[in-house]
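Shown next, in structure tokens, is the structure this report addresses.
The values are calculated or read from the model by the stated rules, or taken from the named source; none is laboratory data. A quick note: this is a predicted structure, and the numbers were derived from the prediction, not measured. So basically every Cβ, Gly included, is an ideal-geometry build from the backbone, and we count neighbours across all protein chains shown. In case anyone asks, the SASA skips ligands and DNA or RNA and just uses the protein heavy atoms, side chains included. Shrake-Rupley method; radii C 1.70, N 1.55, O 1.52, S 1.80 Å.
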Amino acid sequence: MTEFKNNEDGSITIQTTEEENRTWHEQYYAKKEQQKKDFEALLKPEVMRVLKDLGITKAYVNYSGSGDDGSINEVEFYVGKNVITLNDSHKVDRGERKYYCYTDHKYKTTTEPMDLKDYIEDVTYDFLEAYHGGWEINEGQHGGLYYKVSENVIHHDYVEIIENEREEKI
């Protein structure tokens with residue numbers, strides 16, 4: 001049974017049984033596997049169809065994360081070898097969906113079409129959560145995703161940053 005203990009310094013110690021710890025990890029990894037399966041079965045085909053229907057041959061998304069914060073730095077869309085500028089026709093109709101309203105600080109529901117840039121950012125965040133959960137934590141990770149429509153491939157080129165402490169005496 002999980003127990004919470006208030007310490008004199010104001011911190012809280014949480015004690016769990018070995019069984020609770022094992023169960024939590026099993027559920028966590030099962031959820032991660034399901035996220036990957038859902039991405040491959042649902043989101044990947046959807047994003048490839050959306051890009052193809054809009055005449056986009058490739059999309060590139062650059063991201064970086066560390067120190068418990070992560071963001072998308074750059075998004076580019078290509079037709080052939082040319083980077084294109086998005087216009088009002090580059091919208092994605094996802095039907096009814098939830099989004100977080102930062103003004104009201106709560107989730108809301110909308111049926112408004114999304115800008116293609118916002119859509120590809122959402123898909124990229126979903127990809128990172130499914131395949132690289134924690135990409136924004138500690139030293140972090142940075143990289144780029146290439147959505148290659150003609151190949152039906154998402155190519156992910158990334159660097160995991162790992163702190164390595166060493167000591168030398170010379």
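Would you check which residues across region 125-155 are touching a Gly at 6+ places or on another chain (Cβ under 8 Å) and surrounded by 15 or more Cβ atoms within 10 Å (Cβ to Cβ) and list them? Those that are touching a Gly at 6+ places or on another chain (Cβ under 8 Å) and surrounded by 15 or more Cβ atoms within 10 Å (Cβ to Cβ): Leu128, Trp135, Glu136, Gly140, Gln141, His142.
Answer yes or no as to whether Tyr99 is assigned to a strand (DSSP E or B), aromatic (Phe, Trp, Tyr) and within 21 Å of Glu136 (Cβ to Cβ). Here the answer is yes, as Tyr99 does meet what is asked.
Condition check ((1) part of a helix (DSSP H, G or I); (2) out of contact with any Cys (no Cβ under 6 Å at 6 or more places or on another chain); (3) not charged (D, E, K, R)) across all residues:
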| position | (1), (2), (3) |
| --- | --- |
| Phe127 | yes, yes, yes |
| Tyr146 | no, yes, yes |
| Asn164 | no, yes, yes |
| Glu168 | no, yes, no |
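Do we find that Lys81 is over 25 Å from Ala41 (Cα atoms), open to solvent by 80 Å² or more (accessible area, probe 1.4 Å) and among the basic types (Lys, Arg) in this structure? In short, yes. Among the residues in region 115-122, are any among the basic types (Lys, Arg) and assigned to a strand (DSSP E or B)? Looking through region 115-122, none of the residues is among the basic types (Lys, Arg) and assigned to a strand (DSSP E or B).
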